[in-house]
Each structure stands twice: as C-alpha cells, then as structure tokens.
Amino acid sequence: MKIFFNKPDTFYIFTKKTMLITYRKADVSDAKKLSILYKQVYIATYGIEGVSDEFANFITKQFEVERLEKTIKNNPDNLIVASYKGNLVGVAEIEFDKKCPVGDLIAPELNKLYILEWFCGKGIGENLLHEVEKVVKAKGISEMWLWVLETNDRAISFYKKHHYKPIGRAAFQMEVNKYENIVMVKSIS
C-alpha cells in the first residue's frame, strides 16, 4: 500500500488491488451522493426482511439530502468520505458527545462506517476508521463507542480486529420494531 498526500486534508491510497482511493472531509456537494450511498448500504445491511413502510419512512427521513447538507455545514469534521475516480464509495460519520446506551459513557460515537459492497475487502473501511480515530485523538478524546446489529458478523469481526470491545447490548427503536445491537468501545491512544 502506498500513501500520497496532495493537500493537507486529502490523501490518496493505492489499495492492494492498485485502486486509487481518495480520503477527505465531506463537502456539501457530496450530500446527494451520500444520501444514495447511505440508503444502499443501509438496505443491504439492515433490510434482511425487505423494505417495510417503517423501514422506508426511517431511511427516507434519515438520509434526505437537505438533512445531510445541514450535517456537513454544521459539523465539517464529522464526515470523512472515500472516493474512487471521484465517486463516493465509503463514508465514516462521527457524532461527538453522545451518550452511550450502555453505562455512563459520554464520548464520540462512530455513527456510521459504510462502504459500498463492491468496495469491501480493499482496506477502505480500515482507512476510514483510522482517519476517524485520528480526528477523535486530535480533539484530546480517549474513548469512542459504536453499536452494530447483532447479526452483522462481518462488522463485529472487523471492529474486534481493530480493538473495539463489546460492553453490552442495546435495542435500536424504529417506529414499532426494535433491532438488537452489540455496543462496543475502544480506548483511543
């Protein structure tokens, strides 16, 4: 793997398969593409029983373009995107000062780490995670948490590999249904 820096906030990595991936902070102009990326990954991960009305309501509201534009404007350090040939292929989103659903921890939450399926296994998730941890560490914060769907074995293994430790379980409530998640924490050093 080779890393090249072009601008202070942008760097390029050639992955194992000689794919040039660019990592940078999200820009407002990314909102429409992020909306599609979020929806596609969310459905592929959580739509194990198809797309219900409740599910459609949630993803339509959660990932609307205007909401993402506002998030990017208000929190420019919170979203890091990965792109290939100028097209978004992954994103990591941090939410600072979030109350962990297990225990008393208030710390940054790795709210999303989404990679399009075609780009999984190329080191993109690992690089995005590394960038998120650098942002958190630069702010002088020593812990970060996340929750992951209990049936998402690939994600759970990924986070364990990167030293996230399970600390309990919590349910994510939509309109009617609850989805059980494993809550994980990492000490950032």
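Remark: accessible surface ordering of Ser52, Ser29, Ser35, Ser189 (largest first) is Ser189, Ser29, Ser52, Ser35, probe radius 1.4 Å.
Dividing the mean sequence gap of close Cα pairs (under 8 Å, 6+ apart) by how many residues segment 83-189 holds gives a relative contact order of 24 percent. In this view, the solvent-accessible surface of His163, computed with a 1.4 Å probe and all protein chains in place, comes to about 120 Å². When the surface is traced with a 1.4 Å probe over the full set of protein chains, Ile48 keeps roughly 120 Å² accessible. Measuring spread by the Cα atoms of segment 40-178 yields a radius of gyration and Dmax of 15.2, 43 Å.
What number comes out for accessible area per residue over the chain if the probe is 1.4 Å? Units Å², please.
56
Per DSSP H run of at least 4 residues, take -39500 (n - 2.57); add these up for the chain, divide by its residues and hand me the 222 nm value, nearest 500 deg cm²/dmol. Helices in the chain give a 222 nm mean residue ellipticity of -10000 deg cm²/dmol.
For segment 35-113, just say rounded, prolate or oblate: build the C-alpha gyration tensor, square-root its eigenvalues into a ≥ b ≥ c, call rounded for a/c under 1.5, and beyond that prolate if a/b exceeds b/c, oblate if not.
It comes out oblate by the Cα gyration axes.
For the set Met174, Met184, solvent exposure ranked by accessible area (probe 1.4 Å, protein chains only) runs largest to smallest as Met174, Met184. Once C-alpha pairs closer than 8 Å and six or more residues apart are averaged by separation and normalised to the residue number of the chain, the relative contact order reads 17 percent.
With a 1.4 Å probe and all protein chains kept in place, how do Met19, Met144 rank by accessible area, largest first?
Ranking Met19, Met144 by accessible area, largest first, yields Met19, Met144.
Of the accessible area of the chain, computed with a 1.4 Å probe over protein heavy atoms only, carbon and sulfur atoms account for 52 percent. Over the C-alpha trace of segment 91-154, radius of gyration and Dmax come out as 12.6, 38 angstrom. Phi-derived couplings, Karplus 6.51 cos²θ - 1.76 cosθ + 1.60 at θ = phi - 60°, listed residue by residue for segment 75-87: 9, x, 8, 8, 10, 10, 10, 10, 9, 10, 6, x, 9 Hz, with x used for Gly and Pro.
The values are calculated or read from the model by the stated rules, or taken from the named source; none is laboratory data. Keep in mind the model is a prediction, meaning the values are calculated, not measured. In case anyone asks, the SASA skips ligands and DNA or RNA and just uses the protein heavy atoms, side chains included. Shrake-Rupley method; radii C 1.70, N 1.55, O 1.52, S 1.80 Å.
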